[in-house]
Amino acid sequence: MGYIYLKKSPSLNRHSRKPRRILSAVFLSLGIFLFLSAVVPIVQFQFEYSLKFNQILSPLSSRFSNPGSVLGDTNTDFTQLSNWFEKGSATTTNNPNFLSLDNRISSYSLSVPKLKIEKALVLTGSSDLKSSLIHYPQTALPGQLGSSVIFGHSVLPQFFNPKSYLTIFSTLYKLKQGDEIFVDFDNIKYRYLVEEMYEVAPTDLSVLEQHFDGRYLTLITCSPPGTYLRRLIIKARIVEI
C-alpha cells in the first residue's frame, strides 16, 4: 500500500500578527515622543524667549557650532568649564579689587527663589560643573566692585532639578527684570535684582569684563537649554536687603 505525503501550507494566523503590529506601533510612538520632547522645548524657547533677548554680538564659532547638529559640538565635555572657551582666549580684565582666595573663602552659596534654587554651592577653585556652580577666576567676589561671574550647567527644561548641578540653570531664561538673587558669602548675605538678560556667541568674552562703577552678579549658562549654540547672560546689581 503506497503513501503520499503532502506538505501542508502554513496557515496564516492573523491573531499572531496583531501583537507584533501593536508592539511596532508602541515603539514608533515612543520614538516620536522622545524626538518631540527634545525638539519642541528648543523651538518653543526660540519663539517665546530667545527673540526677546538682545541681538547676538558676534557670529558663532565653528568650534561650538556644528551645521549638522542642533546641539552644537556634542563631542566636547561641557560639564568642564575649561572647555567653554578656546585655549588661551579666556582672559579677564585684571580687577584691582580682587582678593586672593584663601582656604577660608573657597566656596559660597547662591539662591534664586523664583527658580526654587536654594543655597546652591558655588566653588571658587574648580571647573567641574557636575558638582557645583563655578565662580570664574579673576572676577570680583560678592560684595566687591566689579562683577561676580558664575557659570552653571543646563539641559532640556523638562529635566530641571534645582538640586542637581547638571540641570540647575536649565530654567534660568524664565527670570525677569526685578527678580531676586541671593548670595551668602563669608557670613554676609547679599541681595541682587536682575537688570538685564541677553545672549552672546560662545566666543564673546566681553561678559567676563570687570566694570567698577557698581557691584554686579553675572550668571552664565548654555542657550537654548540642552544645546551649546549660545550663552545666556543674566546681569544683576546688588541692592540693600
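The values are calculated or read from the model by the stated rules, or taken from the named source; none is laboratory data. Values in this document were obtained by computation on a predicted structure and should not be read as measured data. Note that each Cβ is placed from the backbone with ideal geometry, even for glycine, and that neighbours are counted across all protein chains shown.
Can you name the number of the only condition in (1) crowded, with 19+ Cβ neighbours inside 10 Å; (2) at pLDDT 90 or above; (3) closer than 15 Å to residue 151 by Cβ that residue 235 fails?
(1)
Hey, residue 196 hits all of (1) acidic (Asp, Glu); (2) part of a loop (DSSP other than H, G, I, E, B); (3) exposed (fewer than 15 other Cβ atoms within 10 Å of the Cβ); (4) touching a strand residue (DSSP E or B) at 6+ places or on another chain (Cβ under 9 Å) but one; which does it fall short on?
(2)
Quick check on region 162-196: of everything there that is basic (Lys, Arg) and under 18 Å from the mean Cα position of the chain (by Cα), which residue is nearest to residue 127 (Cα to Cα)?
163
Being over 12 Å from the mean Cα position of the chain (by Cα), hydrophobic (A, V, I, L, M, F, W, C) and either farther than 14 Å from residue 221 by Cβ or crowded, with 19+ Cβ neighbours inside 10 Å (or both) is the requirement here; does residue 129 meet it?
no
Across region 212-241, which residue is nearest to the chain's Cα centre (by Cα) among those that are within 13 Å of residue 196 (Cα to Cα) and among the hydroxyl-bearing types (Ser, Thr, Tyr)?
218
Looking for something without any contact (Cβ under 8 Å) to a residue 60 or more places away in the chain and of a type in the set (Gly, Ala, Ser) - is there at least one such residue anywhere in region 142-164?
Yes, because at least one residue in region 142-164 is without any contact (Cβ under 8 Å) to a residue 60 or more places away in the chain and of a type in the set (Gly, Ala, Ser).
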